[in-house]
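Single-structure report; data block below.
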Amino acid sequence: MEFFRSHVLICGGTGCHSSGSADVMETFKTELAKNNLENEIKLVQTGCFGLCEVGPVVIVYPEGAFYSRITSDDVPRIVSEHLLKGRIVTDLLYHDSIHEDEIIKSLNEVGFYKKQERLALRNCGVIDPERIEEYIAFDGYKALGKALLEMTPEQTIDVIKASGLRGRGGAGFPTGLKWEFTAKAQGDKKYVCCNADEGDPGAFMDRSVLEGDPHSVLEAMTIAGYAVGSDQGYIYVRAEYPIAVNRLTIAIGQARESGLLGKNIFGTDFSFDIELRLGAGAFVCGEETALIASIEGKRGEPRPRPPFPAVKGVFGKPTLLNNVETYANIPQIILNGPEWFRSIGTEKSKGTKVFALGGKINNTGLVEVPMGTTLREIIYEIGGGIPKGKKFKAAQTGGPSGGCIPADHLDTPIDYDSLAQIGSMMGSGGLIVMDQDNCMVDIARFFLDFTVDESCGKCPPCRIGTKRMLEILDRITKGQGEEGDIEKLEELGKNIKSSALCGLGQTAPNPVLSTIHYFRDEYEAHIRDKKCTAGVCQALLQITILPEPCRGCGLCKKACPVDAISGERKSPHTIDQSKCIKCGACLEKCPFKAIVKG
Amino acid sequence: MSASILQENKEKFAELQNTIDEFKDQEGPLMPILHKAQEIFGHLPIEVQEYIAKALDIPITDIYGVATFYSQFTLQPKGKYSIGVCMGTACYVKGSQAILDELIKEIGVQPGGTTEDFNFTLEATRCLGACGLAPVIMINDDVYGRLVPSDIKEIVNKYRSK
């Protein structure tokens, strides 16, 4: 076996990839070659480290030096100083990763990682996802061996049931029960499917698992195939995730070559294979019956349940359908036992949950915490708080199906049930932080706009109802709101929730209802006073020049694209409100802070 | 089917036929074939849909229904450079609307539109998953992040001269 004195791990997740990690990798290759270090230093492209905010991220072991925002220009220094002379380049390190005395903290001492517990993401940022050997070295495919050789299908299902694992795709249905229903369903052919159609805007945990640890999903699906009696799996993945598709394709090829997919796995009678199916940009296909229609090559329209997919799924056959993150938990549950998994989390929600932390937060990225962690811990301790000292206003969870959580509930321990109780939902795990500059009515409008666009149009409550809600919200944000609009929104929302065909429609009013519930005063200010206190809704804004600080320099007049500003040189200028398009160009130009909006 | 289109694009249709042969005996072949067809032709003109309908022996209405249901399939030809402005939540709360407005101003088309010279197509896209870089745009495979409206002109100009 080759021996390397140092390992350089470069994040190849989407966040870091977008900020240029591929160039960093290439430069490392040339620099190592230049210094004749190829045989001493090993370069590894890994999955997501989680801290996307400071990407591209590079970690050098054995020291555990955590370099952040590395560009190709920084690479020669790291190679010549750190790798050649053994001197860590401290000014390139992530600021929170060294003690004051310049001694490096271990990763789990860094604020961002301290409270995290990585189960689903355990291999992300640790192994090279394109090498099956590295997955196997971290106990990969051991759980499959254990299930196939030491357990019956029934015992496998019992372990999952006993673990208390619930679906990580949103609704939180007990996974073991789903497996049992599918196993008991009658059918000559059964399918095991993975829902990787991660569509919630602002959620990228499934993508990171697929990119960082694709084999964990393949292994779990194979275990599921054994448990429910299926020999064919499908992964339905968004076509917008090219890196994930590529790594899955590589992983499936390697698993086949190693005999871990295909005929007679581990020398048993059990055979199983997996195919990829690409989505084509339809959010509704995350709904299980719509996803099944799409795999069959049809329009991705949902249908009423029952029959549930466990009875009648892909091509009319019994089908097990779980989400990526759910699968990523399976191998460890099989290996460590259900008691171990039950020991993490809250009474009714076991294990961990991955959240995609985004929006107005210092540490944007991917975090995995035990169920029951509070929002405050996630936002302030892990996320590092709100940038520029601004005030927290709300956290949005569950994407277009969820709601906004105000500051009063920051200390609620998060699990499936507590989130539902405060009018939001877990959803797939998007967690968007908003500050004082975000308008809650505008955010509700934003989500409704999304659902109206993505509604498949099959059932009237969703097709027509959400459209009517959006029209009302549009009016309100344009300053044309009327008394009674809030009540109309509430009534429409209630009716759509109870009458829409699928999960998309049934949850579509949530962002509106929860913002009305917690931020009714903002709605009222828009409707009655025609004011947007956050300063977002353009139509309600007025840009004015304060006569006191204005020196009459004329810069604003020059900047104005519609000639709305007039005034003599050296005397205060004014804005003609009938001409002003509220572009804010003057605001940026004024050197005396004399122009204000509100 | 107009014979001239078949004639003019002989090689492309031959490639499409290969794809059809590869998938036709699999279950649920339509989506993979449409993905490939769009890769070959750049979009899915009605002639291509007719060809697939015949080859798979299914009604063209089924194909048209699927092609128009999914937002990634397009019946119209696109520009050389596709500019996607991420309108995911993380980008939206960090001001992607202003970026989109600036792009509309800069290249002179609305979202979904293509410039007359077929150089640019502008799109407001779903979450690109690069939330750490919000707000983000993608021009073909190149990602630009942490943007402010004043960055747009320079970025777009890079693709004008190419």
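Read-outs: derived from the displayed coordinates by stated rules, not from any lab. Note that the coordinates shown come from a computational prediction; the quantities given were computed from them, not determined experimentally. Every residue, glycine as well, gets a Cβ built from its backbone with ideal geometry; the counts of neighbours run over all protein chains shown.
Worth a mention:
- Of all DSSP-defined beta bridges confined to chain A, some 55% are antiparallel rather than parallel.
- Per residue of the protein assembly as shown, the DSSP helices (runs of n ≥ 4 H) give a summed -39500 (n - 2.57) that works out to -11000 deg cm²/dmol at 222 nm.
- Sites residue A:499 and residue A:231, calculated FRET efficiency, Cβ-Cβ separation with R0 41 Å, nearest 0.05: 0.55
- Projecting the Cα atoms of A:37, A:70, A:80 onto the charge dipole of segment A:6-111, computed from C-beta unit charges around the Cα centre, puts A:37 farthest toward the positive end.
- Using Cβ point charges alone (K and R +1, D and E -1), the dipole size of segment B:73-162 about the Cα centre works out to roughly 120 debye.
- Whole-angstrom gap from segment A:524-590 to segment B:112-161, using each part's C-alpha centre: 29
- Note on segment A:6-111: the C-alpha convex hull projects to 6.0 nm² when averaged across all orientations.
- Cα-based radius of gyration for segment A:440-528, normalised by 2.2 N^0.38 Å, reads 0.99.
- Order of B:23, A:446 under a 10 Å beta carbon neighbour criterion, fewest first: B:23, A:446
- Counting lysine pairs in segment B:34-162 whose alpha carbons fall under 29 angstrom apart, excluding pairs fewer than 8 residues apart on the same chain, gives 22.
- Options A:309, A:556, A:410, ranked by Cα towards positive dipole end of the protein assembly as shown, top entry (Cβ charges): A:556
- Taking segment A:210-230 and a reference point 7 angstrom along Cα→Cβ of residue A:137, no backbone N atom is nearer than 15 Å.
- Residues B:70, B:64, A:327, A:241, ranked from the fewest to the most other C-beta atoms within 10 Å, line up as B:64, B:70, A:241, A:327.
- Inter-label distance, residue A:555 to residue A:155: 7.6 nm, where each label sits 7 Å from its Cα along the C-beta direction.
- Cα shape, segment A:132-341, gyration tensor, a/c 1.5 rule: rounded
- Efficiency of FRET from Cβ geometry, residue A:343 and residue A:177, R₀ 25 Å, rounded to 0.05: 0.75
- Cα centroid separation, segment A:113-176 to segment A:387-463 (Å): 29
- Classification of the protein assembly as shown by its C-alpha gyration tensor yields a rounded form. The axis ratio a/c (a ≥ b ≥ c) stays under 1.5.
- Remark: segment A:132-341 carries a charge dipole of roughly 680 debye about the Cα centre, counting +1 on each Lys and Arg Cβ and -1 on each Asp and Glu Cβ.
- Positive end of the dipole of the protein assembly as shown (Cβ unit charges, origin at the Cα centre): among A:220, A:366, A:462, the Cα lying farthest that way belongs to A:462.
- Among A:179, A:340, sorting on how many other beta-carbon atoms sit within 10 Å of each Cβ, with the fewest leading, yields A:340, A:179.
- Label-to-label distance, nm, for residues given as residue B:148 and residue B:21 (7 Å Cα→Cβ offset): 5.8
- For segment A:1-68, share of DSSP beta bridges that run antiparallel, in % to the nearest 5: 55
- Three-way shape label, segment B:81-160, alpha-carbon gyration tensor, a/c 1.5: prolate
- Residues residue A:81 and residue A:106, FRET efficiency given R0 of 22 Å [Cβ-Cβ distance, rounded to 0.05]: 0.55
- Student exercise, chain A dipole from Lys, Arg, Asp, Glu Cβ charges, in Debye to nearest 20: 1500
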